[in-house]
Amino acid sequence: MIDSKTKLLGLIGHPVEHSLSPIMHNEALRDKNLNYVYLAFDVLPENLKYVVDGVKSLGTVGGFNITIPHKVEIMKYLDEIDKEAELIGAVNTVKIEKDRAIGYNTDGLGARMSLEEEIGKVENKNILIIGAGGAARAVAFELAKNNHLTIINRTVEKAELLAKEISEKLNKHIYYNNLNIDIGDFDIIIHTTPIGMYPNVNVQPIIDTNKIEENMVVMDLIYNPEETVLLREAKKQGAKTINGLGMLVYQGAISFEIWTGVKPNIDVMKKAICNSFK
Ligand code: NAP
């Protein structure tokens, strides 16, 4: 029941109409009996400057998620940035605390939690990250802390820039290469490009899936479709496969806890998303 004590949460992005976050968060809020509502706000880049002061002035806003294209730009309007988000250089979650706006990034930890839910602790692994965009950044910074990383990308200069930045900031060597690298040497492959994403579900993967071996784990950050061509081919090779649903849910679950102080029910969140595909 929405009443005069209901607090507002939301997603700020452009576009936002296909986002699954409102469904996922509202189900989780209902499940925990929390008096919040989560809405999606389509904010044009030229209007982003009004957002933080606007929500602070409303008083009933608990916080919001930030998505494409505002994850970097929002940082200059915040009062404080958590050290993880500072390291990654992007914010996907903002908490409004009295008159302060604090930025966090939950994408990398969300990806780690999803991986670890499936395969246990991820440390000292040889990990290949395909792609060097925003999602790759968050995942790479998180997993580089206690694993060996190689980043490959269509535009190799971007892989080089990201690998060098992580190497400098975390003081450990990160390798980079082009897409033609031999993928047979890795324990875990994480695909972070949009290749295979709905509606272009039949586009072929950008790596040679015949080289995937049965002892490997292949994660695709895409969650629609639930099984991309890459994951289907990896499964045929006998590899363990993980889609992007878990990362979506865990990054949301961490944001939920930052705003409300309550741990949401992960199964409720997963079910809300799966039902929305039916
Ligand atoms: P982004 O910043 O635009 O990065 C896109 C990356 O894909 C770049 O490395 C780009 O390479 C590469 N790429 C794009 N088109 C390509 C092509 N035709 N051939 C080869 N490489 C190509 O995007 P993003 O925000 O990182 O998102 C990437 C994917 O991750 C999307 O599918 C998104 O839905 C998914 N994602 C999932 C979650 C989750 O919670 N599961 C969270 C975030 C993102 P270049 O540098 O050469 O252009």
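Every number in this text was worked out from the coordinates using simple rules, so none of it is lab data. Computed from a predicted structure; not experimentally measured. Virtual Cβ from ideal backbone geometry, glycine too; neighbours counted across all protein chains shown.
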In whole angstrom, and with the biggest value first, how far do the Cα coordinates of the range 136-226 range along each principal axis?
-> 39, 27, 21
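Can you compute the equivalent ellipsoid semi-axes for the range 66-189, i.e. the square root of 5 times each eigenvalue of the Cα gyration tensor, sorted largest first and rounded to whole Å? It would help to have the intermediate numbers written out before the result.
Values: eigenvalues 149, 53, 28 Å².
Computed over the range 66-189, the values are 27, 16, 12 Å.
For the chain, state the semi-axes of the equivalent ellipsoid (square roots of 5 times the eigenvalues of the alpha-carbon gyration tensor), sorted largest first and rounded to whole angstrom. Could the numbers behind the result be given before it?
Values: eigenvalues 213, 91, 53 Å².
After scaling each eigenvalue by five and taking roots: 33, 21, 16 Å.
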Rounded to the nearest 10 degrees, the helix 21-31 long axis (Cα) sits at an angle to the longest Cα principal axis of the chain of 60
Checked the range 141-183 with the C-alpha gyration tensor, a ≥ b ≥ c its square-rooted eigenvalues, rounded below a/c of 1.5, otherwise prolate if a/b is larger than b/c and oblate if not; verdict oblate
Sum of side-chain charges, ILE181 neighbourhood, beta-carbon under 11 Å (Lys, Arg +1; Asp, Glu -1) = -2
Report the label-to-label distance for LYS240 and ASN200 in nanometres (one decimal), using points 7 Å from each Cα along the Cα→Cβ vector.
-> 3.1
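Just order 100-110, 66-76 by mean Cβ neighbour count inside 10 Å, highest at the front, would you?
Numbers: 100-110: 23.5, 66-76: 17.7.
Highest to lowest by the protection proxy: 100-110, 66-76.
When the dipole is taken about the Cα centre of the chain, and only Lys, Arg (+1) and Asp, Glu (-1) are charged at their Cβ, what size is it in debye, to the nearest 20? Spell out each step's value before the answer.
Values: 31 positive and 37 negative charges, 85 e Å.
Dipole of the chain, to the nearest 20 debye: 400 debye.
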Environment charge at PRO22 (Cβ cut-off 14 Å; Lys +1, Arg +1, Asp -1, Glu -1) | -2
Zone of ARG100 (label point 7 Å along Cα→Cβ, backbone N under 17 Å): which residues in the range 48-67?
-> 53, 56-57, 62-64
15 Å beta-carbon shell around TYR198, net charge (K/R +1, D/E -1) = -2
Most positive-pole-ward Cα, ILE130, GLY89, ALA144, against dipole of the range 68-225 from beta carbon charges | GLY89
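How large is the Kirkwood hydrodynamic radius of the range 1-133, counting all unique pairs of alpha carbons, in Å? Each step should come with its number before you reach the end.
Working: mean 1/r = 0.0617 Å⁻¹.
That comes to 16.2 Å for the range 1-133.
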